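Undergrad: Below you will find the structure I want to go over with you.
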Amino acid sequence: MDAQRAQYLHDLGITVWERRGLFIATDPAGLSGDDNTSLPSDARATAIAQMDWPELETTVKSCTACRLRTGCTQTVFGVGNRHAEWLVIGEAPGAEEDRQGEPFVGRAGQLLNSMLAAIGLKREQVYITNIVKCRPPSNRDPALDEAAACRPFLDRQIALIQPKLILAVGRVAAQSLLGTDVPVGRLRGRVHQLQGIPVVVTYHPAYLLRSPQEKRKAWADLQFAVHTLKEHTA
Ligand code: URA
């Protein structure tokens, strides 16, 4: 194993055993650019569901569908490969993401990068976005109505990317995506479905920074995700 990969695994708190060469580790209607939030929510969702990437991005930028936009610096749309096999979905932009306009660029983002690298993925290979595109004040959890207002954007991103696997990181992302209040601990280790795409749940990197003893479980989740993707593409 090369030193860099060993470092990624170390960041994840994983001890690696190597034995005899065997590596065991554990707006189609012309809505684009307009604030389309005056439309009834069904019509708005229908319009968003037909947008291409540029329209979608412009519409997110000008969105005022919920109160979050008034408190954030800028919207944080998503980043990465729009043809990715892996779609990583987090909760909401934090302070650094709000400043830079890109998801997962703070400390949690650095750990997310290491988590991806540990399974051989570069950040640029995957697509990364959040349940809500605007930073909630004081990093509070997004409210249900805020997540619902932002959902058509996420649904359209999923439909455009058509990933082979969705990795939901953290409680808010997992519960919001799957429409459940089951705790993350019980959502892990199972394959869920969204729009016919397998969804695997793991802990949020910010939680792992606070609770490093849980990194081992996150590593197991990542391996489970790799296995799930292989099974679904076999
Ligand atoms: N936490 C998230 O859930 N998303 C980000 O973009 C940053 C931190």
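Undergrad: Any residue in region 153-164 that's closer than 21 Å to Ser62 by Cβ and modelled with pLDDT of 95 or more: show its pairings with residues that are in a helix (DSSP H, G or I) and of a type in the set (Phe, Trp, Tyr) at Cβ separation under 9 Å, as long as the two are six or more apart or on different chains.
TA: These pairs meet every condition: Gln157/Trp53; Leu160/Trp53.
Rundown of residues vs (1) touching a His at 6+ places or on another chain (Cβ under 6 Å); (2) within 12 Å of the ligand (Cβ to nearest atom); (3) part of a helix (DSSP H, G or I); (4) of a type in the set (Lys, Arg), yes/no style:
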{"site": "Glu124", "(1), (2), (3), (4)": "no, no, yes, no"}
{"site": "Thr129", "(1), (2), (3), (4)": "no, yes, no, no"}
{"site": "Arg135", "(1), (2), (3), (4)": "no, yes, no, yes"}
{"site": "Pro142", "(1), (2), (3), (4)": "no, yes, no, no"}
{"site": "Cys150", "(1), (2), (3), (4)": "no, no, yes, no"}
{"site": "Ile158", "(1), (2), (3), (4)": "no, no, yes, no"}
{"site": "Ala168", "(1), (2), (3), (4)": "no, yes, no, no"}
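Undergrad: Let me ask something additional. Are there any pairs with C-beta distances below 9 angstrom linking a residue in region 64-75 that is crowded, with 19+ Cβ neighbours inside 10 Å to a residue that is at pLDDT below 95 and not in a helix (DSSP H, G or I), with the two at least 6 apart or on different chains, and if so which?
TA: Correct list of pairs: Ala65/Asp35.
Undergrad: Let me ask something additional. Any idea which residue in region 170-204 is nearest to the ligand (Cβ to nearest atom), counting only those that are farther than 15 Å from Pro142 by Cα and charged (D, E, K, R)?
TA: The residue in question is Arg188.
Undergrad: In addition: Has region 75-87 got at least one residue that is assigned to a helix (DSSP H, G or I) and within 16 Å of the ligand (Cβ to nearest atom)?
TA: No, there is no match, as no residue in region 75-87 is assigned to a helix (DSSP H, G or I) and within 16 Å of the ligand (Cβ to nearest atom).
Undergrad: What about Glu102, is it farther than 20 Å from Arg140 by Cβ, at pLDDT 95 or above and away from the ligand (no atom under 16 Å from the Cβ)?
TA: It is false that Glu102 is farther than 20 Å from Arg140 by Cβ, at pLDDT 95 or above and away from the ligand (no atom under 16 Å from the Cβ).
Undergrad: To continue, here is another question. Determine whether region 205-218 contains at least one residue that is more than 16 Å from the ligand (Cβ to nearest atom), closer than 17 Å to Trp86 by Cα and either assigned to a helix (DSSP H, G or I) or of a type outside the set (Lys, Arg) (or both).
TA: Within region 205-218, none of the residues are more than 16 Å from the ligand (Cβ to nearest atom), closer than 17 Å to Trp86 by Cα and either assigned to a helix (DSSP H, G or I) or of a type outside the set (Lys, Arg) (or both).
Undergrad: To continue, here is another question. Across region 102-121, which residue is nearest to Ala220 (Cα to Cα) among those that are in a loop (DSSP other than H, G, I, E, B) and within 15 Å of the chain's Cα centre (by Cα)?
TA: Top of the filtered list is Leu121.
Undergrad: Okay, next question. Against the definition (assigned to a helix (DSSP H, G or I) and modelled with pLDDT under 95), how does Asp42 come out, yes or no?
TA: Criteria met by Asp42.
The values are calculated or read from the model by the stated rules, or taken from the named source; none is laboratory data. The structure presented is a predicted model; accordingly, all values stated were derived computationally and were not measured. Heads up, the Cβs are rebuilt from the backbone with ideal geometry, glycines too, and the neighbour counts pull from every protein chain shown.
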